[in-house]
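Enquirer: The structure that follows is given in the form of structure tokens.
The values are calculated or read from the model by the stated rules, or taken from the named source; none is laboratory data. As the structure is a prediction and not an experimental result, all values here were calculated from the model. Here the Cβ positions follow ideal geometry from the backbone for every residue, glycine too, while neighbour counts run over all protein chains shown. When the accessible area is computed, the model is the full protein with side chains, heavy atoms only, and any ligands, DNA or RNA have been set aside. Shrake-Rupley method; radii C 1.70, N 1.55, O 1.52, S 1.80 Å.
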Amino acid sequence: MVRLVTEAISISYGEQQIVKNLDIQIPDKKITAIIGSNGCGKSTLLKAITRIIPHQSGTVMLDGKDISKENTKTLAKQMAILPQTPESASGLTVGELVSYGRFPYQNSFGRLTKRDYEMIDWALEVTGTTSYKYRPVDALSGGQRQRVWIAMALAQETEIIFLDEPTTYLDMAHQLEVLELLQQLNYEQDRTIVMVLHDLNQAARFADSIIALKDGQIVKAGPCEEVIVPDVLREVFQIDAVIGRDPRTAKPMCITYNLLKGEN
């Protein structure tokens with residue numbers, strides 16, 4: 001099933017076109033990873049789909065409706081986005097930050113309801129951050145902070161969550177911790193997860209489908225077995241990759257690679 005699609009979407013910064021007539025389909029209740037070299041349009045695409053930035057042509061459709069015509073609060077109840085380097089106001093506690101996820105549901109007085117508090121506590125519990133509730137966000141480690149930001153996205157009570165490089169600046173253990181949490185949310189709560197990842201093996205291990213971009217266009221989209229292959233990686237990253245199988249998951253993995261010099 002597909003609820004979210006783009007149709008011939010093009011995105012530009014000034015006169016520079018970043019994404020060109022892109023048609024994508026995001027599988028519902030699955031994990032989709034977007035991969036590609038720096039500057040290929042991954043983050044730009046996420047921002048346009050979630051209406052953070054405008055697109056110049058084409059449409060983004062959710063449940064058959066053009067999101068550009070949707071009310072902001074209505075859209076915020078359907079999709080949440082965690083940017084690459086989220087920043088919170090200095091001095092906020094974890095509970096206060098997570099409460100921001102309830103903004104789409106607040107009335108004109110901005111007061112939290114019993115339901116809001118229940119969702120905040122639930123989001124903290126699911127992400128294993130309940131014990132941090134009254135701690136300053138600034139006092140947390142990188143991995144803890146990332147879990148808290150995911151809790152805020154969960155408190156927003158959306159079925160679709162976008163994450164832009166959620167493992168950036170985290171060590172290997174915390175990267176795995178965050179990705180396993182997202183996988184758990186997908187398995188246990190049917191959340192649709194769309195995330196930009198740099199690590200090919202993480203994308204192959206945790207994603208149900210992968211979209212490989214180059215210069216704002218799709219090179220290949222589909223199951224990881226069809227995307228994490230030498231020909232696709234050659235075109236997308238200009239590398240000569242040796243692909244094997246992960247002994248624990250049986251999914252494809254990049255064992256080693258060489259840079260292809262002088263090729264475009």
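Enquirer: Test of understanding: among Tyr169, Tyr187, which residue is among the aromatic types (Phe, Trp, Tyr), more than 24 Å from Gly95 (Cβ to Cβ), open to solvent by 20 Å² or more (accessible area, probe 1.4 Å) and not in a strand (DSSP E or B)?
Expert: Tyr187
Enquirer: Now, a different point. Among all residue pairs at least 6 apart or on different chains, which show Cβ distances below 9 Å where the first residue, located in segment 76-88, is closer than 15 Å to Ile150 by Cβ and the second is among the aliphatic types (A, V, I, L, M) and part of a loop (DSSP other than H, G, I, E, B)?
Expert: Qualifying pairs under 9 Å: Ile81/Ile52; Pro83/Ile52.
Enquirer: Hey, does segment 83-106 have a residue that's within 30 Å of Ile218 (Cα to Cα), out of contact with any Asp or Glu (no Cβ under 8 Å at 6 or more places or on another chain) and assigned to a loop (DSSP other than H, G, I, E, B)?
Expert: There is at least one residue in segment 83-106 that is within 30 Å of Ile218 (Cα to Cα), out of contact with any Asp or Glu (no Cβ under 8 Å at 6 or more places or on another chain) and assigned to a loop (DSSP other than H, G, I, E, B).
Enquirer: Identify, by number, the condition in (1) touching a residue at least 60 places away in the same chain (Cβ under 8 Å); (2) open to solvent by less than 70 Å² (accessible area, probe 1.4 Å) that Asp215 doesn't meet.
Expert: (2)
Enquirer: Within segment 86-145, can you find the residues that are within 23 Å of Ile161 (Cα to Cα), open to solvent by 30 Å² or more (accessible area, probe 1.4 Å) and among the charged types (D, E, K, R)?
Expert: Selection gives Glu87, Glu96, Arg115, Glu118, Asp121, Glu125, Lys133, Arg145.
Enquirer: Something else about it: Give me the pairs, please: first residue somewhere in segment 42-60 and more than 22 Å from Glu15 (Cβ to Cβ) and at pLDDT below 95, second residue anywhere and buried (at least 21 other Cβ atoms within 10 Å of the Cβ) and small (Gly, Ala, Ser), beta-carbon distance under 9 Å, and either six or more positions apart or on two chains.
Expert: Listed pairs, sorted by first residue: Thr50/Ala80.
Enquirer: Taking segment 146-158 on its own, how many of its residues are open to solvent by 10 Å² or more (accessible area, probe 1.4 Å) and under 13 Å from the mean Cα position of the chain (by Cα)?
Expert: 2
Enquirer: Consider only pairs whose beta carbons are under 9 Å apart and that are at least six residues apart or on different chains; among these, list those whose first residue lies in segment 119-142 and is without any contact (Cβ under 8 Å) to a residue 24 or more places away in the chain and over 18 Å from Glu180 (Cα atoms) and whose second residue is part of a loop (DSSP other than H, G, I, E, B) and open to solvent by 40 Å² or more (accessible area, probe 1.4 Å).
Expert: Correct list of pairs: Asp121/Lys133.
Enquirer: Among what's in segment 47-77 and is crowded, with 20+ Cβ neighbours inside 10 Å and part of a loop (DSSP other than H, G, I, E, B), pick the residue that is farthest from the chain's Cα centre (by Cα).
Expert: His55
Enquirer: Over 30 Å from Ala155 (Cβ atoms), touching a residue at least 12 places away in the same chain (Cβ under 8 Å) and touching a Leu at 6+ places or on another chain (Cβ under 7 Å): which single residue out of Ile239, Ile255, Ile243 fits that description?
Expert: Ile239
Enquirer: Filter segment 248-264 for residues that are touching a helix residue (DSSP H, G or I) at 6+ places or on another chain (Cβ under 6 Å) and either among the polar types (S, T, N, Q) or in a strand (DSSP E or B) (or both) and give the result.
Expert: Thr249, Pro252, Met253, Cys254
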